[in-house]
1. With an 8 Å Cα cut-off and a minimum separation of 6 or more residues, compute the relative contact order for segment 184-253 in percent.
2. Order TYR361, TYR203, most accessible first, counting only protein heavy atoms with a 1.4 angstrom probe.
3. Could you state how much accessible area SER429 has, in square angstrom rounded to the nearest 10, with a 1.4 Å probe and all protein chains kept in place?
4. Contact order normalised by length for segment 29-104, with contacts defined as Cα pairs under 8 Å and 6 or more residues apart; what percent is it?
5. Which listed residue (ILE197, ALA224, ALA209) has the Cα farthest towards the positive end of the charge dipole for segment 196-247, taking +1 on Lys and Arg C-beta and -1 on Asp and Glu C-beta about the Cα centre?
6. When ligands, DNA and RNA are left out and all protein chains stay put, how many square angstrom of accessible area per residue does segment 166-211 have with a 1.4 Å probe?
7. How large is ³J(HN,Hα), in whole Hz, for each residue of segment 239-252 in order, when computed from phi with the Karplus curve 6.51 cos²θ - 1.76 cosθ + 1.60 and θ = phi - 60°, using x for Gly and Pro?
8. Taking the full set of protein chains and a 1.4 angstrom probe, give the accessible area of MET79 in square angstrom, rounded to the nearest 10.
Amino acid sequence: MEVVATSFLAILVIVVLAVQGPLRGFWIFLAATALGAAAAFNMPALGGASILVADLGALTIFMMVALHSGGLALIVGTMRPGQPGFWLILLVVFGLFATLFFPALFRGQTEVFSLSRDLDGGGIVRSKLRPSTGNLTQLFRLILGGAIFFATATVFRVRPDARIALIAVAITTGFNAALGWLDVLTYAIGLPEALDILRSANYSMLDAATMGGIKRMVGAFPEASTYGYFSLGLFGFWLRFWFSQPKSLLGRVMLALATVAVLRSTSSAAYVAFVAYVVTVTLGLALVGARQQVNRHSVSIALSFVMAAWLSVIVVVVSYELVTPIRDFFDTTLFDKLEGDSGVERMSWNAQAFLNFAETYGLGAGLGSVRGSSWLMATLASIGVIGTALYLMFIGSVLFNREARHGGGERASVIRALRSGALALLISSLLTGATPDLGLIFFAFLGLATGLARGAQLERGDEPNQFWPSTAISRNNPPPSARL
């Protein structure tokens, strides 16, 4: 194990969580997810794999919940059949089985694109399928995602306090924006290495790249695309929250910060996902509005947003034709990438991933064996039809859960915003995701949405609590053994 400069940040996260608990201290874990290249420590024995600061934060929260009096029983309750946790635990179990056995079972029977750390700086290589350290690291990421989901869903089911979740996302958004602008400013004043202390993971760092003469905003991530991906999830959260709470000053400010972060990243993947997400959400709101399930004000905001987006497209198209610097910028970020070597290479990853799926008879080659350029193709090639179906059932059971659709107030707005943020991340990954891993913030968002929705249902008394049938679980009166 190799201790690095950011190891002290991991200690800080653990200490704050230990002092404040997994509920009140949740904000520091979520903020730590913005440190996408900050390692708690590196592991040379596993090919230089990195355990991030946020990873240790997630493990700390899970262990605090599991070791609490009655905690394991509460976590098991989150896995109840029919609940999202049920599909997730099946996914984790199948992912474990597939990753431990399929690379050996199909060894040498198909060629895969995978990440190699044997080369200087790492790289994508094509080779015969075989077990590798990548299997362990990607399996760890799935287990870690499951751990933070179960811990978060459990804690916020017992204490469904939406204000805590809202503040945590706000802190994360502000922190991510601040790191992004700090990255740009330090580069502008001739100190491009100033944030290198936060980039201690064994990743290929593309933090000094420029686009059309503009420094690409990277923040504490290894490259602009990952920063854009993370920022898009925050944008999705605040856009939906603003639709529900248009008078909220916090919502307006945070939406502005997240929007600028996505646009300033100059990531072509983030731009395409941004457009796809806005179109999806707007059409969804219009459809729901036509069925009179949302208020008229939200629908009018959505339609106004469509008109503003349409006018923006017109301005961009005209500027592209008339203004040379703008044309050069879009050629570099979008059009040249699609037609260039990078675009062709990424498409070849998807083609090979589909071939891997077919040559493993639809079972998959195991997590960490395959690299694609779309979450769906990478997931099919890694864990096959069964694993992909379980993954989609898990995601769908949260995004389309009707438990918190009726009623209003801040909690309902936060639940919708959390689902929207997760949807934005999913859309981005469907377009450009290289692996089945959707990131800790994705699982945290789904865990928060699940816990808050389930907690609200129990508070209303819609269903007896399975652990304390005679005790009403509420924010002010949780069971004595569940005060997390």
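The values are calculated or read from the model by the stated rules, or taken from the named source; none is laboratory data. In this text the structure is predicted, and so the values were computed from the model without any measurement. Heads up, the Cβs are rebuilt from the backbone with ideal geometry, glycines too, and the neighbour counts pull from every protein chain shown. Note: accessible area is taken over every heavy atom of the protein model, side chains too, but ligands, DNA and RNA are not part of it. Shrake-Rupley method; radii C 1.70, N 1.55, O 1.52, S 1.80 Å.
1. Numbers: 51 pairs, mean separation 13.5, N = 70.
Over segment 184-253, the number comes to 19 percent.
2. Details: TYR361 170, TYR203 80 Å².
Most to least solvent-accessible, the answer reads TYR361, TYR203.
3. Ignoring ligands and nucleic acids, SER429 comes out at about 10 Å².
4. Numbers: 48 pairs, mean separation 12.6, N = 76.
Relative contact order for segment 29-104 comes out at 17 percent.
5. Value computed over the given set: ALA224.
6. Values: 2130 Å² over 46 residues.
In whole numbers, segment 166-211 has 46 Å² accessible per residue.
7. Listing the rounded values in order: 5, 5, 5, 5, 4, 7, 10, x, 8, 6, 5, 4, x, 5 Hz.
8. 50 Å²
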